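Contents: one structure, followed by commentary.
The values are calculated or read from the model by the stated rules, or taken from the named source; none is laboratory data. The shown structure was predicted, so the numbers you read here are calculated from the model rather than taken from an experiment. Neighbour counts are summed over all protein chains in view; Cβ atoms, including those assigned to glycine, are modelled from backbone coordinates with ideal geometry.
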Amino acid sequence: MSQRLGEGGSSAGTETGLRTAYRPAAGRTIRPAPAAARLRKPSWRDPRLLLGVLLVLGSVAGVVALVDGADRTTQVYAVRHDIAPGSPVRGEDLVAVPVRLGGAEKRYLTVSEGVPPDVVAGTVLREGELVALSALAEPATLDRKPVGLRVEDPLPASTETGSRVDIWASMPNAQNGFEEPERLIEAAEISELTVTESALGANRSTELLVLVDDSDLPLLLSALSNQAKVTVVSNPAAGK
């Protein structure tokens, strides 16, 4: 029994000692701990909230504009049939097609703009291709003229309207022959091409319309007027 009382007394003494250890010294007071800060509901006047709303709205508007622009089609003119350089371009030569061009819309002839009056093809316009504004020209601005040539030698099968050819000529000499051929024009563009054959297919010739720069016209016309033998050689590398 005395042992239990001793243990109880020891326990009581310990508690008393602990309580005594937390007593403040003379002249000092213990201040209560500050209350924890409470979270406030965000206000519409909070600039961070307003900035977040603006960012979300801006993102949504950007996505909507992007989708709308990608889905929007424009009526643009396409070529109904091949048109040779220098030939007039009229409404009946074109067909309207809906296409998605995005930022490239300004480069092509749109239906809303219409076909300009008295305009010609500045280069070969092929069937089915969209009409680029850069491919149209006014007749007065063209510095190339079509010249007709008839050649007996066959051209490669790949030669067509728009192909490039070199024009060679051999001038006649006093011995009823011809001089060494000289190249008169390099990389002339074919605007029209027609292959003709005789009834029995024995003779075959090619009639060409080639576009010649104004500066080269006198040389070619002089060769033709002097009965020069003209040869046309395909130059596929010139069009690349």
Worksheet entry | Given (1) more than 31 Å from the chain's Cα centre (by Cα); (2) surrounded by 14 or more Cβ atoms within 10 Å (Cβ to Cβ), number of the condition T123 does not satisfy | (1)
Worksheet item: Given the structure, is L94 under 16 Å from G162 (Cα atoms) and either surrounded by 10 or more Cβ atoms within 10 Å (Cβ to Cβ) or modelled with pLDDT of 85 or more (or both)?
Response: no
Response to the item:
L220: passes all of (1) under 38 Å from the mean Cα position of the chain (by Cα); (2) surrounded by 15 or more Cβ atoms within 10 Å (Cβ to Cβ) but (1)
Worksheet item: Which of the residues spanning region 97-117 are under 30 Å from D213 (Cα atoms) and either among the polar types (S, T, N, Q) or surrounded by 11 or more Cβ atoms within 10 Å (Cβ to Cβ) (or both)?
Response: R107, Y108, L109, V115, P116
Discussion item. Can you pull out every residue in region 134-166 that is touching a residue at least 40 places away in the same chain (Cβ under 8 Å), in a loop (DSSP other than H, G, I, E, B) and within 28 Å of the chain's Cα centre (by Cα)?
Written reply: L142, D143, S158, T159, T161, G162, S163
Worksheet item: In region 77-91, what count of residues is obtained for those that are modelled with pLDDT of 90 or more and outside any loop (DSSP other than H, G, I, E, B)?
Response: 5
Discussion item. Checking the condition within 17 Å of R150 (Cα to Cα) and touching a Gly at 6+ places or on another chain (Cβ under 8 Å), which residue from S234, S225, S205, S191 passes?
Written reply: S191
Fill in: Failed item, numbered, when S158 is tested on (1) in contact with a Ser or Thr (Cβ under 6 Å, 6 or more places away or on another chain); (2) among the polar types (S, T, N, Q); (3) at pLDDT below 90
(1)
Discussion item. Of the residues A104, A96, only one is touching a strand residue (DSSP E or B) at 6+ places or on another chain (Cβ under 8 Å) and not hydroxyl-bearing (S, T, Y); which?
Written reply: A96
Discussion item. The conditions are (1) crowded, with 18+ Cβ neighbours inside 10 Å; (2) in a loop (DSSP other than H, G, I, E, B); (3) among the hydroxyl-bearing types (S, T, Y), and S191 fails exactly one of them. Which is it?
Written reply: (2)
